[in-house]
């Protein structure tokens, strides 16, 4: 009895670790979250720096996209994992703004740490942050903060949509935003349904081809398959398409057998019946009016011969996902058996052709200008795989921005102008609040300054000078004054550069950030259970039989 453990260890099994108190639990959590925010802060904005990641499979990622960084980083700290879950939710809901969520959480927790060290209890900070969040939601609905609004037919205006995409595209591919934004807008307009609310991100595909320059990229109204067709026919216009999920070849027998051939005539006539059968099947498909045959299984040489004889294109598509997209792009129905194809099961393409880009041949299912396009493809060209992957991520953010515009078409000034105006109004509200909540309200307002501060620091400017100039401009009534990264000065970012951000993105980021912050601040103890499993055995080096005991 003298060796019985006392306190918390007496309640839990051996190997359990317990941390509590201000120094061991609360401040440790805040420090881990701040470190994660410091990693991503330098990647914010057009001048953000890239990060090089090498995952467990030795795959290299060179990108400034926070969603990719968090996906590949193996964050172990439980408090920091809450931040990553908030960023993943932002990516799933809006498709962009993951970095905003992370740095906003980090700044709010850093300001909360200062208040805790000054003597405030976390419950007082939580009450103040909650009050500030509610006031922030009221300020977000202020009509004077909105610079543009997409209503009705505005979403079909290519030029207007391209201007709305400049900010998300510039933050990933600075210098190419004026080329990529119209490219994304054109692809989205091609597949935009009559009801824009039904717009789907998956209808805009990206095909990456190594070689050439980025400015050689183009939009194709249709589907692009990254391999050529079989046979010598490479182009057919106004083609009816049939999609099969079975192999195009002679049917195999159900039982095995042995055939004895005694002379040359028997050898010559051995496959005649099989040839007649496959020719009859392919002729029935051709008589249905089909000119293009696509299958997910094999196509033997005999079938290719008869497909060419009847003037048809054959394409083997081993990916079932690509096969589904071909069906969607051409409005064809997948068939499980060979035979005549009914008109309602046939798809249509204005032109099916094989095109060559660099050293790679692709098959293009293209629709005409008057046809309703189900799938649009952005054909990307560049010199390295890393650039292609990074541009693809930028395009994905742009397409998600278009989707967000169909839900909430309100836009606010970018370049930190929106955050500074929100911080200014929230700071004025904090000065009128009574009690200890006033300190948390003021710190919440200060945390919103992290966006223009990060833009200024990444642009090589003194952050405090930029923040002071922004506050001075906004006090004079210049609501759209933000940090211009090209002029390295404060100016009307909306009128001069046309930089805008989604109001819905800002609202969702603030909502997710405050939820994560309040969850982390409410943690006052960390209890870690003993790892599962028994003790690990000795790891032998070399052959398993070398150290046989």
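Read-outs throughout are calculated quantities, based only on the coordinates presented, and are distinct from any laboratory measurement. Owing to the predicted nature of the structure, the values given are computational and were not obtained by experimental measurement. Here the Cβ is made from the backbone with ideal geometry for all residues, glycine too, and neighbour counts use every protein chain on show.
With a Förster radius of 35 Å, plug the Cβ-Cβ distance of residue 262 and residue 301 into 1/(1 + (r/R0)^6) and report the FRET value to the nearest 0.05. List each step's numbers first, then the result.
Details: r = 27 Å, r/R0 = 0.76.
FRET efficiency, residue 262 to residue 301: 0.85.
The stretch between residue 283 and residue 370 holds 28.2 nm of extra length on full extension. This uses 0.36 nm per residue minus the Cα-Cα distance.
Restricting the count to DSSP beta bridges whose residues both fall in the chain, what percent are antiparallel, rounded to a multiple of 5? Working shown, then result.
On the way: 40 of 58 bridges.
If I count the DSSP bridges inside the chain, around 70 percent turn out antiparallel.
Secondary structure note: in region 222-372, about 60% of the DSSP beta bridges are antiparallel.
Ranked highest first by the average count of other Cβ atoms within 10 Å around their residues, in what order do 308-315, 212-219 fall? If you can, show how the numbers build up before the last one.
Working: 308-315: 17.6, 212-219: 15.5.
Going from most to least packed, we get 308-315, 212-219.
Which peptide among 364-375, 159-170, 70-81 comes first, and what is the full order, when sorted by highest mean count of other Cβ atoms within 10 Å?
Working: 364-375: 17.4, 159-170: 22.5, 70-81: 15.8.
Highest to lowest by the protection proxy: 159-170, 364-375, 70-81.
Helix-derived [θ] at 222 nm for the chain: sum -39500 (n - 2.57) over DSSP H runs of at least 4, divide by residue count, nearest 500? After summing the helix terms and dividing by the residues of the chain, the value is -14000 deg cm²/dmol.
In degrees, nearest 10, range 0 to 90: what is the angle between the Cα axis of helix 463-475 and the longest Cα principal axis of the chain? With rounding to tens, the tilt is 80 degrees.
Could you order the peptides 491-499, 140-148 from most to least packed, using the average number of other C-beta atoms within 10 Å per residue? Let's see the in-between values first.
Numbers: 491-499: 18.6, 140-148: 14.8.
For the peptides 491-499, 140-148, the packing ranking is 491-499, 140-148.
An oblate overall shape is assigned to region 43-190, the ratio a/c of its alpha-carbon gyration tensor axes (a ≥ b ≥ c) being 1.5 or greater and a/b not exceeding b/c.
If you sort the three axes of the alpha carbon gyration tensor as a ≥ b ≥ c, you get a/c of 1.5 or more for region 222-372 and a/b above b/c, which makes it prolate. Principal-axis analysis of the Cα atoms of the chain puts helix 437-447 at an angle of about 50° to the longest axis.
May I ask you to compute the full-extension gain from residue 356 to residue 245, defined as 0.36 nm times their residue separation minus their alpha-carbon distance, rounded to one decimal in nm? Kindly include the intermediate steps, with their values, before the conclusion.
Details: separation 111, 0.36 × 111 = 39.96 nm, distance 2.68 nm.
In short, 37.3 nm is gained.
Against the chain, whose longest principal axis is taken from its Cα atoms, helix 272-287 shows a tilt of about 60°.
Put in line by how crowded their Cβ is, counting other Cβ atoms within 10 Å and starting with the fewest, 327, 188, 33 read 327, 33, 188.
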